[in-house]
Amino acid sequence: MGNSLNLDLEILRALRNPEGAWVSGSDLSRELGVTRAAVWGRVDELRRLGYEIEASPHQGYRLVASPDALHADDLLARMSGSQLVGRDIQVYKETGSTNDTVETLARDGAAEGMVVFAESQTRGRGRMGRPWLSPPGKGLWFSVLLRPSLRPQETTRLTVAAAVAIRRAIGNLTQLQCGIKWPNDLLLQGRKVAGILTELSAETDRVRYLILGVGIDVNQRASDFPRSLAKVAGSLLLASGAMVDRAALASEVLRQLNRDYARVCAGRFAEVAEEWESACVTLGQTVRIKIGQRLVQGRAEALDADGALLVRTEHGRLDRVTGGDLTVETA
Ligand code: BTN
């Protein structure tokens, strides 16, 4: 007999059939090896969580609407069982930073592919030590644990892969086509709607684990951003005028991440880089990149085989940059 968690997952998986068809209660109880009363009990509990599930004595159950909340079993139910990224999912109502939560799990030996979402973060962080606002219910804040067989200097490939995967997922769900600002910001109408914070635990020539932290601003309205971000921050809602189903977007992002992670692991980074380059709004621009105390200025020309940016400086030299804070110089 399955425990209640697995029951919820299996019930949601059955209800999420492609046609949204009725699912018979007796079929469910037989397939899951529990009584019809047990199925009914779980359906009742899902209703309490905000799922609208219709019940009919002759036809069974039918999913009518889902709450605007992230629920681990529901995210799992939306994905194929063979997927590595998202094979295990945890959802926190609130955490400090999902990157830290995953780091603790990684140290305890968690398997790669595990994903932690939080409805809100109290200490969400961005690149360059900046804070990352993560208000409840407005966006997707999550981190993925990966254990790639890559050398540390090759891991920029995974940030590049994450950027194209998130871009594709947003496009599939909303038709919005994001631009990519190097290294990993996704922009719509010149405003940032998503960012990636990759953190690494590595030895000299071996990655122990890598944490891919993703923040997507989904349903914020202009008034949800502080004045300091008014000109630079955007959201999918602001760009499209329509609320976006966060759970549907979350599962689509994990599907696309799974695909691009597989591409990188299979030695097909060149394909990923090509997709990145075609969406990149930085290439061809005159840029200034601050890397700690160092400053690189020049024309952004291309990505190299590891995902680093190649910048042609005014002296004609090609500088290779793997990270930093980039601004585009206006003519
Ligand atoms: C950036 O563009 O500066 C990167 C932003 C990354 C934010 C995400 S939200 C989930 C994860 N947890 C964090 O504390 N940060 C990342």
Per residue, how much space in cubic angstrom lies within the convex hull of the C-alpha atoms of segment 4-65?
73
Students often check this: by mean Cβ neighbours within 10 Å, which of 204-214, 76-86, 186-196 ranks highest, and how do the rest follow?
186-196, 204-214, 76-86
Using a Förster distance of 25 angstrom, determine the FRET efficiency expected from the C-beta separation of Asp27 and Ser240, and round it to 0.05.
0.05
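To the nearest 0.05, how large is the calculated FRET efficiency for Arg268 and Arg312 if R₀ is 22 Å and r is the Cβ-Cβ distance?
Details: r = 27 Å, r/R0 = 1.24.
Result of the calculation: an efficiency of 0.20.
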Note on segment 72-279: alpha-carbon gyration tensor, axes a ≥ b ≥ c; rule is a/c under 1.5 for rounded, else prolate if a/b larger than b/c, else oblate; result rounded
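Quickly rank 124-131, 39-46 as a protection proxy: mean count of other C-beta atoms within 10 Å, highest first. Walk me through the numbers before you get to the answer.
Working: 124-131: 14.0, 39-46: 18.0.
Order by mean packing, descending: 39-46, 124-131.
Around Phe269, under 15 Å between beta carbons, what's the net of Lys plus Arg minus Asp minus Glu among the other residues? Show your work: numbers first, answer last.
Values: positive: Arg151, Arg157, Arg259, Arg263, Arg268; negative: Glu154, Asp260, Glu271, Glu274, Glu275, Glu277, Asp304, Asp306.
After counting each charged neighbour, the total is -3.
Does segment 53-143 come out rounded, prolate or oblate, given a ≥ b ≥ c as the square roots of the eigenvalues of its C-alpha gyration tensor, rounded meaning a/c under 1.5 and, failing that, prolate meaning a/b above b/c? Let's see the in-between values first.
Numbers: a/c = 3.30, a/b = 1.69, b/c = 1.95.
Taking the square roots of the gyration eigenvalues as a ≥ b ≥ c, segment 53-143 is oblate.
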Tell me the relative contact order for segment 4-65 as a rounded percent, counting alpha carbon contacts under 8 Å between residues six or more apart.
37
Note on segment 286-328: contact order normalised by length, alpha-carbon pairs under 8 Å, 6 or more apart, percent, works out to 39
Can you give the charge dipole size of the chain about its Cα centre, rounded to the nearest 20 debye, using +1 on the beta carbon of Lys and Arg and -1 on the beta carbon of Asp and Glu?
740
18 Å Cα cut-off, lysine pairs counted over the chain (separation 8 or more, or different chains):
6
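Taking 0.36 nm per intervening residue step and subtracting the Cα-Cα distance, what contour gain separates Trp40 from Ser149 on full extension?
Details: separation 109, 0.36 × 109 = 39.24 nm, distance 4.55 nm.
Residue separation times 0.36 nm, minus the Cα-Cα distance, leaves 34.7 nm.
Please compute the contact order of the chain in relative form: average sequence separation of alpha-carbon pairs under 8 Å and at least six residues apart, divided by the residue count, as a percent.
On the way: 649 pairs, mean separation 44.0, N = 331.
13 percent.
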Check: segment 286-328 dipole with +1 on Lys, Arg Cβ and -1 on Asp, Glu Cβ, in debye:
160
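Need one number: % antiparallel among DSSP beta bridges in the chain, to the nearest 5. Before the final figure, lay out each step's value.
Numbers: 54 of 63 bridges.
Close to 85 percent.
Please report the antiparallel percentage of the DSSP beta bridges confined to segment 9-161, to the nearest 5.
Working: 11 of 18 bridges.
The answer is about 60 percent antiparallel.
Mind listing which trypsin sites (Lys or Arg not before Pro) in segment 216-292 are in a DSSP loop and have 14 or fewer other Cβ atoms within 10 Å?
On the way: sites: Arg221, Arg227, Lys231, Arg246, Arg255, Arg259, Arg263, Arg268, Arg288, Lys290; in loops: Arg221, Lys231, Arg268.
Here the trypsin sites (Lys or Arg not before Pro) that fit, given the DSSP loop and packing criteria, are Arg221, Lys231, Arg268.
Each value in this text was obtained by applying a stated rule to the coordinates, not by laboratory testing. Treat the numbers as computed from the prediction; the structure is a model and nothing was measured. For neighbour counting, all protein chains shown are included, and Cβ atoms are generated from backbone atoms with ideal geometry for every residue, glycine included.
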